[in-house]
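> I'd like to ask you about the structure that follows.
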Amino acid sequence: MAEPPPLERRQARGMLAGLAMFAAGFAVAGVLVVSGLGGTPGYWILVSVGLLGVAVAGFSSPRGPLERSRPPVWSRRGLGGVSGALGLPARAVTATFYGLLVVGGLGNLLIPALVRRR
């Protein structure tokens, strides 16, 4: 199968904005959970921003038969394609995205689960 065409700047900008909304929304929501503010209106707004980010990334993604061979946008190669289309350093984009995911996972899942066991 042929390689998909490179991402357009417009597509990459929307995909990166959506991924940033997703990761940052859940990361800040995780910080609120750890600080005892989970379940507050602010928490739910941040979760909603994260979910909206998934939609933004999805609507910005190109569609078509060739796109099936493109790596997932959240993978290192996918993030590299998005950052390359925007002229951003791939390592910095990938590290920031995965760092925010770690904060979100720790704050929303792991730390609350460990605290409940005590």
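> In percent, what relative contact order does the stretch 5-118 have, based on Cα pairs under 8 Å that are 6 or more apart in sequence? Please list the in-between numbers first.
Details: 144 pairs, mean separation 47.2, N = 114.
Rounded, it is 41 percent for the stretch 5-118.
> Right, next: When the scattering of the chain is computed by the Debye formula from its Cα atoms alone, each counted once and equally, what is log10 I(q)/I(0) at q = 0.14 Å⁻¹?
-0.62
> Show that you can apply the helix-only estimate: for the chain, add -39,500 (n - 2.57) for every DSSP H stretch of four or more residues, divide by all residues, and state [θ] at 222 nm to the nearest 500. Can you show the working numbers first?
Working: 5 runs with 80 residues, N = 118.
Taking each H run of at least 4 residues, the total per residue is -22500 deg cm²/dmol.
> Here's a follow-up. For a quick check of your reading of the filter: which trypsin sites (Lys or Arg not before Pro) in the stretch 1-65 sit in a DSSP loop and have no more than 11 other Cβ atoms within 10 Å?
Numbers: sites: ARG9, ARG10, ARG13, ARG63; in loops: ARG63.
Of the trypsin sites (Lys or Arg not before Pro), the ones in loops of the stretch 1-65 whose Cβ has at most 11 other Cβ atoms within 10 Å are ARG63.
> Points 7 angstrom from Cα along the Cβ direction at ILE111 and SER75: gap in nanometres?
The two pseudo-label positions are separated by 3.2 nm.
> For the stretch 34-95, report the % of Cα-Cα distances exceeding 16 Å.
Numbers: 1138 of 1891 pairs.
Everything past 16 Å amounts to 60 percent.
> Further question: Expressed in nm to one decimal, what extension gain is obtained for the pair ARG68 and VAL49 from 0.36 nm per residue of sequence separation less their Cα-Cα distance?
Values: separation 19, 0.36 × 19 = 6.84 nm, distance 2.70 nm.
Here the answer is 4.1 nm.
> Between THR40 and ALA2, what is 0.36 nm times their sequence separation minus the Cα-Cα distance? Round to one decimal in nm.
Values: separation 38, 0.36 × 38 = 13.68 nm, distance 4.87 nm.
So the extension gain works out to 8.8 nm.
Here, each number is a calculation from the coordinates, and none is a lab measurement. Please read all numbers here as calculations on a predicted model, not as lab measurements. Don't worry about glycine lacking a Cβ; one is built from the backbone with ideal geometry, like all the others, and counts go over all protein chains shown.
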